[in-house]
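Since the structure comes first, as structure tokens, the remarks are kept for the end.
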Amino acid sequence: MINSRFFNRSELLGFLSLLLLLAVILPLFLDVFRLNLVAKYLTYAFVALGLVMCWGYGGILSLGQGVFFGLGGYCMAMFLKLEASSVANTKIQSTPGIPDFMDWNQITALPMFWKPFHSLTLTIIAILVVPTLLAFIIGAAMFKRRVGGVYFAIITQAIAAIATILIIGQQGYTGGINGMTDLRTLNGWDIRTDHAKVILYFFEVFVLFACIITAQFIRLTKLGRILVAMREQEDRVRFSGYSVANFKIFAFCAAAMFAAIGGAMFTLQIGFMSPSFVGIVPSIEMVIYTAVGGRMSIFGAVYGTLLVNYAKTMLSESFPELWLFGLGGLFIAVVLFFPNGLSGIWRDHVARHIDRLIAMRSSKSKKAWAIKSAADGAPAE
Amino acid sequence: MFGDYSIGDLGAIFAMQGFAGLILFSVYVLMALGLAIIFGQMGVINMAHGEFMILGAYVTWLTSSFFQSHLPSLFSGYFFVAMILAFIASGALGMLVEWGLIRHLYKRPLDTLLATWGLSLILQQAYRSVFGAREVGVELPQWMMGSKQVTDTIEVPINGIFVMVLTLGITMVVAYIMYKSRWGRQVRAVVQNRVMAGAVGINTEKVDRYTFGLGCGIAGIAGSAFTMIGSTGPTSGQLYIVDTFLVVVFGGAASLFGTIASAFTISQAQSTMEFFMSGSMAKVLTLLTIVAILMIRPQGLFALKVRK
């Protein structure tokens, strides 16, 4: 299915080198602990990928992606938690068969909304549908009334705040501030062993590439072009007879779905889910992954996520107090000096020389790049 | 939910919660005034606003420590010195930030959000390195402690009254500056039409810098007042930033009156509900209501009608 039309030469190169890196090089050279860390970083790459679509192409900055990430993660966690709290495992509780945190909060029967999560099929459907539905409601309410830009960012941020407070406040139903911990098996398969972690890693890489291909597909269709047009000149697109709101809703929903898949993967990889991955701070950190990678670049998002998270782990392991300075400086530097992130640097400084070496690119497409990157610098509101 | 209380009790509850709400209202107004100037007038999203406020709080704390150890006889009046110092410190930092960061981003409002968020992280870590991770609290002077008994069941704390009076005063000063002074007219002119304002001889860059500085300075005063009713930690500012943005957006971004009205509504709703349910649920309900209202009326409560 990968033909020269779907990916152009440099994109194919990017795709293959990313595939090589994630599926061959990293698993060969890293031990299971580090590979599991990479797997954790990659779960954020899903979110970053969604943000490329909705922020980079659509021009909609959402500061509430953590909510969707968390929803996906919590859906998965609810299934795993129910499986871990079988009657046999929870004999000592006053009500056996319900998750331990419910028992601690004097809840005696499983709440209604937990019941569907006994089934893996329903759980997978919930992971995909619930966050998308929420995004649809938010998006429909906002974009139909032409709320956008800054206001949308602030309101999504408020929604992230609401979600965190709600999860922490409703301890009996959500596990509160500790989140859902002690997740053990997936349909009887122990997810905590090293072997399982490696398998889950490869599964995650596979799903990530499926999402990358989906995003690339959306980008190349007319839909993707309208998204970009909308970002640049919203009114002109509207006057051309397109329903701007519907396209925005679509981009936002797609981003939410990607984020939710990432969240579900996160729960599987790490073995727990907590409100600290839902709120304002993680949500805005997810935006910086995308910004560092390049808000316009699908592959850049993945590299940006890996790089920022790697730096975070390294710095906070050795110099914990430096990390926030580093992250803050990164925000400022990316915004002030590299609005197109890593992919912009690559395109402007590295790719040009590679191209000159190969000397295959026509001057026409080069001009197109220049115009495009000039436009990227100042995305219209 | 009202069933267990008699009418008299309910009256007292509403009065006391109403007063608690008024203190919250004062904090919101002081925070939101600065933000309303920066966001409403300049269109800059300053996510580091909370950190400017905390800077004011730390300056107040330092001043109070200084007075305690060196000038104990003047301790009862330290707050007024601290307030001025807080204004100067936050304002100066604000102008520096405007010069180094914000002025390059006026055409990209969403990017100011990211850049100032980065700034807020740096400031937080700086506070943590300098002042330590523990929360600090100032010692109140004698005359600010205790509470005033209004009736048998209603009593109000004096520091709360003081903060409210302070808020009132600052609001009036800001309103005067923005709507009556020559400089305020220049600010509004630059906001409405930057090019034309420049053409008639207003130094728009200077106006921008001082506007941003004023907004941050007011945040510093807010922080100063904040020490009267709570303790200060490196991340205290972040707790309020989303609420404050909602206050400004809910009130209608360009309207000072709207900001005050929305701060009043939000704080009263929250503190009244807090009595009848858990604090977190009250907050969730308040925020949800605001978000819902904003979806129906995106321009906020009081929108300034201008031709775009």
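Every read-out reported here was derived from the displayed coordinates using simple, explicitly stated rules and does not represent laboratory data. This is a predicted model, so every value here is computed, not measured. We place every Cβ from the backbone using ideal geometry, glycine too, and count neighbours over all the protein chains shown.
Key figures for this structure:
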| read-out | value |
| --- | --- |
| Alpha-carbon gyration tensor eigenvalues x 5, square-rooted, for chain B, Å | 32, 26, 18 |
| Quotient of C-alpha Rg and 2.2 N^0.38 Å, computed over region A:30-322 | 1.02 |
| Amide hydrogen neighbours beyond the local backbone of residue B:302, cut-off 5 Å, H modeled | B:252 |
| Folded to 0 to 90 degrees: helix A:194-220 orientation relative to chain A principal axis, Cα | 40 degrees |
| The protein assembly as shown shape via C-alpha gyration tensor axes, a/c threshold 1.5 | oblate |
| Rel. contact order, % - alpha carbon contacts under 8 angstrom, at least six apart, chain A | 30 percent |
| Label zone at residue B:206 (point 7 Å along Cα-to-Cβ), backbone N below 13 Å, region B:168-183 | B:183 |
| C-alpha long axis of helix A:363-377 to longest principal axis of chain A, angle in ° | 50 degrees |
| Sequence ranges B:287-293, B:56-62, ranked by mean other-Cβ count within 10 angstrom, highest first | B:56-62, B:287-293 |
| Sequence of A:103, B:243, A:348 once ranked by neighbouring C-beta atoms within 10 Å, starting from the fewest | A:348, A:103, B:243 |
| Order of A:130, A:350, B:44 under a 10 Å beta carbon neighbour criterion, fewest first | A:350, A:130, B:44 |
| Whole-Å distance, taken between Cα centres, linking region A:1-71 and region A:317-342 | 20 Å |
| Packing rank of B:167-175, A:88-96, where each peptide gets the mean count of other beta carbons within 10 Å, highest leading | B:167-175, A:88-96 |
| Derived scalar couplings ³J(HN,Hα) [region A:344-356; Karplus, 6.51 cos²θ - 1.76 cosθ + 1.60; whole Hz; x for Gly, Pro] | x, 4, 4, 5, 7, 10, 9, 4, 4, 5, 4, 4, 5 |
| Sequence ranges A:204-214, A:159-169, ranked by mean other-Cβ count within 10 angstrom, highest first | A:159-169, A:204-214 |
| For A:168-174, mean number of other protein chain Cβ atoms within 10 Å | 2 |
| Long-range HN-HN contacts of residue A:186 with modeled amide H, under 5 Å | A:191 |
| Ascending count of other beta-carbon atoms within 10 Å, so fewest first, for B:205, A:11 | B:205, A:11 |
| 3J(HN,Hα) from dihedral phi, region A:103-115, Karplus parametrisation 6.51/-1.76/1.60, rounded to Hz, x for glycine, proline | 4, 5, 9, 6, 9, 9, 9, 5, x, 3, 6, 8, 4 |
| Inter-site label distance for residue B:75 and residue A:356 at 7 Å from Cα along Cβ, in nm | 7.1 nm |
| Exercise: per-residue mean of other protein chain Cβ atoms within 10 Å, A:151-157 | 6 |
| Helix A:280-293 vs. chain A, principal-axis angle (Cα, 0 to 90°, nearest 10) | 30 degrees |
| Set A:312/B:283; B:107/B:206; A:144/B:206; A:248/A:312; A:115/A:248 screened for pairs whose C-alpha atoms are more than 29 Å apart | A:312/B:283; A:144/B:206; A:248/A:312; A:115/A:248 |
| Amide H within-cut-off set for residue B:155, under 5 Å, with H built and near neighbours excluded | B:150 |
| Estimated vicinal HN-Hα couplings, Hz - region A:131-141 in sequence order (Karplus 6.51, -1.76, 1.60; Gly, Pro = x) | x, 5, 5, 4, 4, 5, 5, 4, x, 4, 5 |
| Whole-angstrom gap from region B:131-210 to region A:184-240, using each part's C-alpha centre | 47 Å |
| 14 Å beta-carbon shell around residue B:282, net charge (K/R +1, D/E -1) | -1 |
| Chain B: relative contact order in percent, alpha carbon pairs under 8 Å with at least 6 residues between | 35 percent |
| Label-point separation, residue B:128 to residue A:213 (7 Å along Cα→Cβ), nm | 4.2 nm |
| Mean Kyte hydropathy of 1.6 or more with a Cα span along the axis of at least 27 Å, helices from DSSP in chain B | B:7-35, B:78-100, B:158-179 |
